[in-house]
Amino acid sequence: MTAVLSPPAAGDREFDLSGRDFDRVRQLIYQRAGINLQAGKQAMVYSRLSRRLRETGHASFASYLAFLESAGDDTEWQAFVNCLTTNLTSFFREAHHFPLLAEAIARRRGEPMRLWCCAASTGEEPYSLAMTVAETLGAKAQLPIVASDIDTDVLATAERGVYGADAQGLSPERLRAHFLRGTGPNAGSIRVRPELARNVSFRPFNLMSRRWDLGEPFDFVFCRNVMIYFDAPTQRRVLEGIHAAMKPGGLLFVGHSENFSDARTLFALRGKTVYERVGA
């Protein structure tokens, strides 16, 4: 995780972030991304958005937010969302899920399957899924993995598939099997092997979208540590969308602090933070 320097004290700040400005930020990110930004996050908002003020030439948050709301295209809205999303990930994070996925894939061997990673971030999670598929079904297995994220900056990193050789969560065996080591000026870096990357397709996707044009239903969905940023009504809306995008009996993998026992008509708990899609 990259260390972030603390923002300057309020009296020393380059820009003024008033309470009214902060409330507008909270309202706008909720409307655009469903993120329920808690009170007390002023320092985070200042730290992340002040760079946009400099880059767009605005002298105040009020001026920037007025510009944002009057923007005629989605370019600045996307930059705004990218600034306020949180991306914390690593290879094989919450490792207990991957053996469970491998078992479920093995049981369906020979059947057409699809997998969706809802929050791909910089790519470690979808590539972990691809490694699990290859280790379960063989390197030549073709199981499409759709990897989406609302943040287009992290998706660009994910598509490159280049990481530090000391990336967290990778065993020496997996490094040898699934990555190419950089040489010369690229020493210290690793790249996902093309045969692994070919099964992963990256695309921007907002879980608040009214149209979920994701193709055929999914057998497996990883939506981990996403719902913690949503309030209860937004969680329900997203769960209904995921339910509609899955096959009956499909498995939903969620984060360690997420619990959807109130959505029993949609999903039934089948293991530690693993749910099965129920209903027609």
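Here C223 fulfils each of the conditions (1) surrounded by 13 or more Cβ atoms within 10 Å (Cβ to Cβ); (2) free of Cβ contacts under 8 Å to residues at least 60 places away in the same chain apart from (2).
Across segment 90-142, the qualifying residues are those that are modelled with pLDDT under 95 and under 19 Å from P194 (Cα atoms), and the one among them that is nearest to the chain's Cα centre (by Cα) is Q142.
Checking A59 against (1) touching a Phe, Trp or Tyr at 6+ places or on another chain (Cβ under 9 Å); (2) in contact (Cβ under 8 Å) with a residue 12 or more places away in the chain; (3) crowded, with 17+ Cβ neighbours inside 10 Å, only one condition comes out false. Which one? If we test A59 against (1) touching a Phe, Trp or Tyr at 6+ places or on another chain (Cβ under 9 Å); (2) in contact (Cβ under 8 Å) with a residue 12 or more places away in the chain; (3) crowded, with 17+ Cβ neighbours inside 10 Å, just (3) comes out false.
Could you say which residue among I35, I29 is at pLDDT 95 or above and either assigned to a loop (DSSP other than H, G, I, E, B) or within 30 Å of R176 (Cα to Cα) (or both)? Walk me through it before giving the result.
On the way: I29 fails: either assigned to a loop (DSSP other than H, G, I, E, B) or within 30 Å of R176 (Cα to Cα) (or both).
Among I35, I29, only I35 is at pLDDT 95 or above and either assigned to a loop (DSSP other than H, G, I, E, B) or within 30 Å of R176 (Cα to Cα) (or both).
With respect to being outside any helix (DSSP H, G or I) and either farther than 26 Å from V133 by Cα or without any contact (Cβ under 8 Å) to a residue 40 or more places away in the chain (or both), G249 fits the description.
Mind checking which residues of segment 149-199 are assigned to a loop (DSSP other than H, G, I, E, B), crowded, with 20+ Cβ neighbours inside 10 Å and not charged (D, E, K, R)?
From segment 149-199, those assigned to a loop (DSSP other than H, G, I, E, B) are 150-151, 161, 165-171, 182-183, 187-188, 193, 198-199; that's our starting set.
With the extra rule that they be crowded, with 20+ Cβ neighbours inside 10 Å, the set shrinks to 150-151, 161, 170.
Of everything in segment 149-199, those that are assigned to a loop (DSSP other than H, G, I, E, B), crowded, with 20+ Cβ neighbours inside 10 Å and not charged (D, E, K, R) turn out to be I150, G161, L170.
The residue that is farthest from A158 (Cα to Cα), counting only those in segment 170-201 that are modelled with pLDDT of 95 or more and of a type in the set (V, I, T), is I190.
The values are calculated or read from the model by the stated rules, or taken from the named source; none is laboratory data. Just so it is clear, the structure is predicted and the values come from calculations on it, not from any experiment. Methodologically, a virtual Cβ is constructed for each residue, glycine included, from the backbone with ideal geometry; neighbour enumeration extends over all protein chains shown.
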